[in-house]
Each structure stands twice: as C-alpha cells, then as structure tokens.
1. Suppose a student asked you for the relative contact order of the chain, using Cα pairs under 8 Å spaced at least 6 residues apart; what percent would you report?
2. Averaged over all directions, how much area does the convex hull of the C-alpha atoms of the range 21-81 cover when projected, in nm²?
3. Which helices count as membrane-span-like in the chain under these terms: full DSSP H, at least 27 Å along the axis by C-alpha, Kyte-Doolittle mean of 0.5 or more?
4. Carbon and sulfur: what percent of the range 33-111's accessible surface (1.4 Å probe)?
5. Hey, what's the per residue convex hull volume over the C-alpha atoms of the chain, in cubic angstrom?
6. By how many nm would the segment from VAL36 to SER3 lengthen if fully extended, with 0.36 nm per residue of separation less the alpha-carbon distance?
7. Taking a temperature of 20 °C and a viscosity of 1.002 mPa s, what whole-number D in µm²/s does Stokes-Einstein yield for the range 85-148 with Rh from Kirkwood over alpha carbon pairs?
8. What's the tally of Lys pairs in the chain whose alpha-carbon atoms lie under 29 angstrom apart, where the two lysines are 8 or more places apart or on different chains?
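The values are calculated or read from the model by the stated rules, or taken from the named source; none is laboratory data. From a predicted model like this one, the values you see are computed outputs, not experimental measurements. Neighbour counts are summed over all protein chains in view; Cβ atoms, including those assigned to glycine, are modelled from backbone coordinates with ideal geometry. Please note that ligands, DNA and RNA were not included when accessible areas were found on the heavy atoms of the full protein model with its side chains. Shrake-Rupley method; radii C 1.70, N 1.55, O 1.52, S 1.80 Å.
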Amino acid sequence: MESLKQALTMGITGAIAVFTASYFGLPTWVLFMAWVSYYLFGTKTKTTFLVLVQQIFGILIAMIIQYLGTLLSETLAIFGFPIIVFIVMIGVFYISKLKYLNNILAYFLGMIIGFGSNSEIDINILLLLGITLLSGYTFAWLNVTISKRIESK
C-alpha cells in the first residue's frame, strides 16, 4: 500500500507540474530536466541550489557561445562556432574547478537547456528557463517530501 501511495504521489505531483507548466507557458521538458537533476545530484537543499546556479550559468554559457559564434562566423565562416566552443569549453573546465561551482555536468545540462530552447538571446528567455528550472526542482522536492512522509507513517 505504501508504494501505491508513493506512486500516486509521483503521478499527482507530475500531473500538477505539467498542468502548471502548460498554464504558465513554461517548457515542460525543462521542468523535467530539473526534476531529473534533483534526483541525479542529490536531494539536499544546498546541493540543489548550487546545481541550479550552475545550470543557469550553463544557459548563459550557451547564449555566449551562440552570440560569439554567430559574430565570429561572419568573418571565419564555418570555423567561427568551433573556435568559440573551444575557447569557452576551456573556461568551463577551469570554472568547474572552483570549490562550490564544481559540477561540470550541471553546466552541460544548462547548456543543453540553453541550446535546446532554440530561442533568441534575450533576458526573457533566461528568466523563463530559470523559473522553469526552479519550478522543476520545487515539484521534485515536493514529491520527495511527501513520499518521505508516507514512508515514515
């Protein structure tokens, strides 16, 4: 019975998350990327916050690559993007050596979200993706919290 309650909790939480994303025009796939990240990186608040920050940095990095790659492609044609990616990835490597911002996977997931959004570089898209990530983490946290309460009864 306990596992049924937890399964129902996950189903209900997921359904509410999708409804919320649809209602507010948030990209559902980004919400679920955050949900997966919550489980993947651990369910501790500090870790979650740091991963969220790094994913937002990853989105910014994708925007920088997109902007500078386009700019450099005007003069270097097909070599513009590879050169920018080369330079930026070196920077990402060294940033990932910082004490609290050391999860290179989080940066790459953020870049996937940034590139996957297929959007123009804009503060509004950054806010939309950031809010969606935060929503996904929140729904994942709710699911875990409710499931733990069910377990403890």
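1. Numbers: 156 pairs, mean separation 61.9, N = 153.
Relative contact order, the chain: 40 percent.
2. Numbers: hull surface 22.8 nm².
Mean projected area of the Cα convex hull: 5.7 nm².
3. Within the chain the helices that satisfy the rule are 2-24, 45-76, 123-152.
4. Numbers: 3600 of 4610 Å².
Here carbon and sulfur together make up 78 percent of the probe-accessible area.
5. Working: hull volume 15.8 nm³, N = 153.
It is 103 Å³ per residue.
6. Values: separation 33, 0.36 × 33 = 11.88 nm, distance 1.99 nm.
Difference between extended and current length: 9.9 nm.
7. For the chosen part, D equals 156 µm²/s.
8. Lysine pair count for the chain: 12.
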